[in-house]
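Below is one structure, written out as structure tokens, with a few remarks after it.
Read-outs throughout are calculated quantities, based only on the coordinates presented, and are distinct from any laboratory measurement. Keep in mind it's a predicted model, so treat the numbers as computed, not measured. Note that we place each Cβ from the backbone using ideal geometry, even for glycine, and neighbour counts take in every protein chain shown.
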Amino acid sequence: MGEKIEIRAMVNRGLVYAVLVAFLLLSVMPLVWMVVAALKETSDLNQNPFSFPSRITFENIIEAWTVGKMGKYFVNSLIVAIPRVFGILVLASLAGYAFGKLKFPGRDALFYFFLFGMMIPIQAMIIPLYYNMQNMNLINTYWALIIPSLGLSMPFAIFMMRAFFRDLPDELMEAAKIDSCNHFTAFIYIMLPLVLPAITSLLVFEFMWSWNDFLLPLLFVYDDNYRTLPLGLMYFSGEYTTDHSLVASGVAIAVVPIILVYILFQRKFIEGITAGSVKG
Amino acid sequence: MGLIFRKAKQWSPVLFVLPALLFYVVFLVIPILRTVQFSFYSWDGASPVMQFVGLQNYERLIKDDLFWTSLSHNLFWIASTIILPVFLGLILAVLLSAKGIKGRLVFRVTYFMPAVVSLVAVGIIWNWIYHPDWGVLNEFFRAIGLGRWAQPWLGNESTVLPALIVAGSWTYYGFCMVIFMAAMQGIDQSYYEVATIEGANPVQTFFYVTVPLLKNTITLLVLNSLIGSFKVFDIIYLMTKGGPFHSSEVIATYMFNQAFQMNDVGFGAAISVSLALIICICSVTYMRFAERNE
């Protein structure tokens, strides 16, 4: 009798693992397949699209990087992402500190005013934004991909930052006052260092969004020299449709860095999405 | 003097919010108002004069079959997203939380992986999977003797939308799972102990213990899916541009075409305003509804 139950439990657990592993493969295999295809010789890929490479070659990746300009797009993505993420973090940490730890008239109303932006789809501002960029002569510049996003990302970024600062004990503010800190020095020397670990999770998210951003570059940049990876990849794959190993190399160049960042900071990613949702 | 100083001190925290507020107003709030303004005009995006046409753009929208078709595709997308990735995420979270499961971290990390990848890459990957001649899906059907099922998934008007939804869900179910996992960690284990003592089987435990306790999380994910499905754009634009023959057209791709391809800015703006209104009304209604049921 006891043995029977044990066997059933084992079978059940086996089934659970089977389902879990099936979905693990579903998630990861298409990505692995792309990277493998990038490392294969073109003839090898055309003959056996799903086998492991008979010989590993970096020729496709080098060609995509240089001839296909993926290297340029890669650098452009960094040029856009670094100031953009830094700007968002500076603006949102200042505001989040005020909303989370300071008191001033109209604080909550102002916070809800920011939150309102979370409900509005980007489509509701994109048309005037495009003409704004045109009027400011910013079409085909890096600025067009940086400046508007400083405003567009504020609702989510401030929402997160406020939560981070609110989690710090209020006694810290009292202590800072006694040490004759003003609001700003208390922010720089006491509060900011303490929320840095939490901020990392916002940082990785904003970096990912900037890295993968599609709509702004689609509209604001049509000069090839300023394209970031997603748009570059889109045109690149359109141009070399028939050269599968080259397209796969392009995909690998766009995808592998962000996956590495994700694996390195996976805990921060998970903390970020759960902090943004479960805490509420 | 002292009073002014005190007033200044009381207001000084506003200085911290001011820079963010400036960018927020200039690049988010004012553009929204400008979109509303555009929607009352007829404008080609280039000519120096914008012609005021009142509600004409909206009248045209209401009579426009394509707008309603697009909206129905969004609704289909919403329903499928709630059934497919949200439900799947819940099931996987429950399985992963079962006692004695090893490698939770590895499963969680890989399930979420498709969500961090650029949608351009996702589009290319799924274009390959659905490729009529050598795509994995058709190869698979041919290999198991169901070759007659093989078809151009993205070229068929009847399969294109489900095919896109599967690709979209691939990037979303891991997110749902992560959220459910986090919420389940907060559940008091004694509920499950009681269920076991009462002799509930796993299916009963799932429906009578887990689901009711996760109601808030389910509400949140449904709301998130609702908003996300109304504004879905990237993956459709990248894979089919709304085609063939508008069979995968959604409001966002339709608006993009009208405003930026046909240069019918006023009409595009009217579509945008309608989309924003629909999202706001649905979100608020759903939140009210969810609160009342609590």
Lysines with Cα under 21 Å of A:K69, excluding same-chain neighbours fewer than 8 positions away: A:K40
Using only atoms on other chains, find how many Cβ atoms lie within 10 Å of each Cβ of peptide A:210-218 and report the average. 4
Per-residue HN-Hα couplings for segment B:125-134 [Karplus 6.51, -1.76, 1.60; θ = phi - 60°; Hz; x = Gly/Pro]: 4, 6, 4, 5, 4, 8, 4, x, 8, 10
Roughly how many Å is it from the Cα centre of segment A:11-83 to that of segment B:187-248, as a whole number? 29 Å
Could you give the dipole magnitude of segment B:157-255 about its Cα centre, charging the beta-carbon of Lys and Arg +1 and that of Asp and Glu -1, in debye to the nearest 20? 240 debye
Sites matching trypsin sites (Lys or Arg not before Pro) across segment B:102-158 that sit in DSSP coil, with at most 11 neighbouring C-beta atoms within 10 Å: B:K102
Order the peptides B:59-66, B:273-280 from the highest to the lowest mean number of other Cβ atoms within 10 Å of their residues. B:273-280, B:59-66
With a 10 Å Cβ neighbour count serving as the proxy for reagent exposure, in which order, fewest first, do B:L88, B:L33 appear? B:L33, B:L88
Listed with the fewest Cβ neighbours within 10 Å leading, B:K215, B:K231 appear as B:K215, B:K231
If the only charges are +1 at each Lys and Arg Cβ and -1 at each Asp and Glu Cβ, what is the size of the charge dipole of chain B around the Cα centre, to the nearest 20 debye? 860 debye
Axial C-alpha extent at least 30 Å, average Kyte-Doolittle at least 1.0 - helices from chain A (DSSP): A:2-39, A:70-101
Please give me, ordered by residue number, the chymotrypsin sites (Phe, Trp or Tyr not before Pro) of segment A:18-95 that lie in loop per DSSP and have at most 12 other Cβ atoms within 10 Å. A:F50, A:F58
What's the extension gain from B:F289 to B:L75 if we count 0.36 nm per residue and subtract their Cα-Cα distance? 75.2 nm
From fewest to most C-beta neighbours within 10 Å, the residues B:E198, B:E249 line up as B:E198, B:E249
Applying the gyration tensor rule to the Cα atoms of chain B (axes a ≥ b ≥ c; rounded if a/c under 1.5, else prolate if a/b exceeds b/c, else oblate), the class is oblate
For segment A:2-57, build the charge dipole from Cβ charges (+1 Lys, Arg; -1 Asp, Glu) around the Cα centre, then report which of A:A38, A:I56, A:V28 sits farthest towards its positive end. A:V28
Quick one: which residues, 5 or more positions from B:Y41 or on another chain, have an amide H under 5 Å from its amide H? H modelled 1.01 Å from N in the peptide plane, none for Pro or chain starts. B:V53
Selection from A:M234, B:A8, B:S80, by position along the positive dipole direction of the protein assembly as shown (Cβ): B:A8
Mean residue ellipticity (222 nm) of the protein assembly as shown, computed from DSSP H runs ≥ 4 via -39,500 (n - 2.57), nearest 500: -22000 deg cm²/dmol
Taking the Cβ-Cβ separation of A:Q134 and A:E239 as r and a Förster radius of 41 Å, what is the calculated FRET efficiency to the nearest 0.05? 0.95
Once the in-chain neighbours fewer than 8 apart are removed, the lysines whose Cα is under 25 Å from B:K215 read A:K279, B:K99, B:K231
How big is the dipole moment of segment A:2-57 about its Cα centre under a simple scheme where the beta carbon of each Lys and Arg is +1, that of each Asp and Glu is -1, and everything else is neutral? Debye, nearest 20, please. 120 debye
Per-residue mean of other chain beta-carbon atoms within 10 angstrom of the beta-carbon, peptide B:101-114? 5
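Could you list, in their original order, any pairs among A:K101/A:K177; A:K72/B:K241; A:K103/B:K9; A:K101/B:K9; A:K103/A:K177; A:K103/B:K7 whose Cα atoms are separated by more than 19 Å?
Exceeds cut-off: A:K72/B:K241.
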Trypsin sites (Lys or Arg not before Pro) restricted to segment A:15-87 and DSSP loop, no more than 16 other C-beta within 10 Å: A:R55
What is the average number of partner chain Cβ atoms found within 10 Å of a Cβ in A:242-252? 2
